[in-house]
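Novice: This is the structure, below, for whatever I ask next.
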Amino acid sequence: MKNGIALLLVWISFPALAQLPVIKAYGGDGRNVNWSEIKRQEDADPDGPGFFYNDCSQGITGKKASSTLAPQGSKSYGISNLNDENPMTAWVEGDSEYGIGEYLLISAININVIYNGYQSSPSNWINNSRVKRFKVYKNDIPLCYLDLTDEMGSQHFTLPFEADWDKHQTFKFVIIEVYKGAKWKDVAISEMDYQGCCIAEAAVVLPEGDLLDLAEVNVGASIQSVNLDNGKTHQAEVKKLVAVNHVDLVEIVAGGNTILCTKDHPFFFESYGKSSLARLLSITGKASLDELIPVLKILVWDSKVGKAVFVPVDKAKSVEGKYQTFSILELNNGDTYIANGFVSATYKQ
């Protein structure tokens with residue numbers, strides 16, 4: 001009887017596993033990324049951002065690894081290397097074979113960026129093994145499979161769940177399949193991150209009223225900022241910018257305006273103040289964007305009356321595809337700017 005029950009449980013579990021979605025990462029920069037040269041060039045520039053420009057990064061915290069390769073000389077391979085903003089360090093599993101079944105436990109709001117393999121040099125990258133497929137759990141519940149490309153540089157993906165902006169989740173990444181190294185079985189991951197708060201394909205308003213693509217805005221540029229106390233504009237200078245690749249955006253339509261952005265990009269909503277769609281989904285308890293839209297009014301710039309006004313959100317839908325996104329992180333005067341007619345908030349105040 002016990003054997004019969006065991007067989008029944010196994011039979012039931014296979015369909016559940018088969019139903020897990022497979023998420024594919026986008027990106028990567030080939031197999032010959034020279035981080036040493038990139039660092040040398042950045043060190044020569046006093047204003048250089050270093051390896052990464054991470055002001056829009058939310059970061060992750062490595063909690064535990066199932067195993068870790070022992071230190072070799074001055075080099076260590078612990079889980080803390082995953083979030084040290086240095087792609088030339090890496091976590092390396094400690095299994096004697098190809099690390100199948102080894103795992104990482106990560107605390108984060110979400111995760112959408114990974115640097116696969118040991119990226120200290122192109123030769124070290126190709127000689128060590130890389131992850132081909134992870135099985136991902138969120139809070140001990142199977143979430144998806146994640147397939148990575150076999151390239152250096154950053155890869156981007158979107159895990160299939162709605163992030164709660166106020167709460168960190170525990171993610172478990174289990175190695176299921178690998179790209180075998182040319183010399184060594186050791187499997188490595190150089191960096192993991194969560195990046196958000198950006199807009200794609202938008203134009204900002206200049207002081208004279210002309211439009212400029214956000215992708216062409218530089219530090220020091222003057223743009224229009226909105227005073228939320230009176231709804232009028234004033235001139236502000238851009239102090240910080242960021243550009244991040246994303247593969248899952250949302251299209252918002254309101255007051256005749258359309259914008260593509262990440263779900264965590266901050267706007268202004270009537271009765272909620274400065275917030276994002278991701279946060280609003282969390283605090284309202286709505287299950288989807290379709291449920292959220294009817295209760296939302298968003299702040300837009302009405303050029304006819306020369307004032308910011310709240311208008312109903314007509315549509316908000318998810319859009320898949322690889323996009324380069326941008327955000328203004330800091331202004332010298334205020335914390336708002338107009339992008340495609342929407343009053344957008346800077347990430348830093």
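Novice: Is the shape of the chain rounded, prolate or oblate, going by the alpha carbon gyration tensor and its root eigenvalues a ≥ b ≥ c, with a/c under 1.5 for rounded and a/b larger than b/c for prolate?
Specialist: Judged from the Cα gyration tensor, the chain comes out oblate (a/c at least 1.5, b/c at or above a/b).
Novice: Taking amide H atoms as placed 1.01 Å from N in the peptide plane, list the residues 5 or more away in sequence, or in a different chain, whose amide H sits under 5 Å from that of Thr68.
Specialist: Hits under the 5 Å cutoff: Gly94.
Novice: Could you give the dipole magnitude of the chain about its Cα centre, charging the beta-carbon of Lys and Arg +1 and that of Asp and Glu -1, in debye to the nearest 20?
Specialist: Value, rounded to 20: 1020 debye.
Novice: Right, here's the next one. Going through the cross-link list Lys24/Lys167; Lys240/Lys274; Lys274/Lys317; Lys24/Lys135; Lys64/Lys135, which pairs have a Cα-Cα distance over 22 Å in this structure? Please list the in-between numbers first.
Specialist: Values: Lys24/Lys167 25 Å; Lys240/Lys274 20 Å; Lys274/Lys317 20 Å; Lys24/Lys135 12 Å; Lys64/Lys135 16 Å.
In this structure, Lys24/Lys167 lie more than 22 Å apart at Cα.
Novice: So if each residue of separation counts as 0.36 nm, and I subtract the Cα-Cα distance between Val319 and Val219, what length gain in nm does that give?
Specialist: The span from Val319 to Val219 would gain 33.1 nm if fully extended.
Novice: Kindly write out, for the stretch 236-253 in residue order, the coupling ³J(HN,Hα) from the Karplus curve 6.51 cos²θ - 1.76 cosθ + 1.60 (θ = phi - 60°), rounded to whole Hz, with x marking Gly and Pro.
Specialist: My calculation for the stretch 236-253 gives 9, 9, 6, 10, 9, 10, 8, 10, 9, 7, 9, 10, 8, 10, 10, 9, 10, 10 Hz in order.
Novice: Each residue of the stretch 308-319 in order: what ³J(HN,Hα) in whole Hz does its phi give by Karplus 6.51 cos²θ - 1.76 cosθ + 1.60, θ = phi - 60°, with x for Gly and Pro?
Specialist: 7, 9, 8, 10, x, 7, 7, 7, 8, 9, 6, 10
Novice: Grab the beta carbon distance between Ala70 and Ala182, set R0 = 25 Å, and tell me the FRET efficiency rounded to 0.05. Can you show the working numbers first?
Specialist: Details: r = 22 Å, r/R0 = 0.87.
Calculated transfer efficiency: 0.70.
Novice: Let me ask something else about it. Once amide H atoms are built 1.01 Å from N in the peptide plane, which residues 5 or more positions from Val242, or in another chain, come under 5 Å H to H?
Specialist: Ser327, Leu329
Novice: OK, next. Each residue of the stretch 69-85 in turn: what ³J(HN,Hα) in whole Hz from Karplus with 6.51, -1.76, 1.60 and θ = phi - 60°, glycine and Pro shown as x?
Specialist: Those phi angles translate into 4, 5, x, 10, x, 8, 9, 10, 10, x, 5, 5, 5, 6, 10, 9, 6 Hz.
Novice: Amide H neighbours of Lys63 under 5 Å, at least 5 residues apart or on other chains, H built in the peptide plane: list them.
Specialist: Correct list: Leu105, Ile106, Ser107.
Novice: Next question, about the same structure. Sort the following peptides by mean Cβ neighbour count (other Cβ atoms within 10 Å, averaged over residues), highest first: 134-146, 169-181.
Specialist: Ranking the peptides 134-146, 169-181 by packing returns 169-181, 134-146.
Novice: Now for a different question. What's the ranking of 278-290, 150-162 by average number of surrounding C-beta atoms within 10 Å, highest first?
Specialist: The packing order, highest mean first, is 150-162, 278-290.
Novice: Kyte-Doolittle cut-off -1.0, length cut-off 20 Å along the helix's own axis using Cα: show which whole DSSP H helices in the chain pass.
Specialist: TM-like helix candidates: 2-18.
Bear in mind that the values in this text are calculations on the coordinates, not laboratory data. Since the structure is predicted, the reported quantities are computational estimates derived from the model, not experimental observations. With ideal geometry, Cβ positions are generated from the backbone for all residues, glycine too; neighbour counts draw on all protein chains shown.
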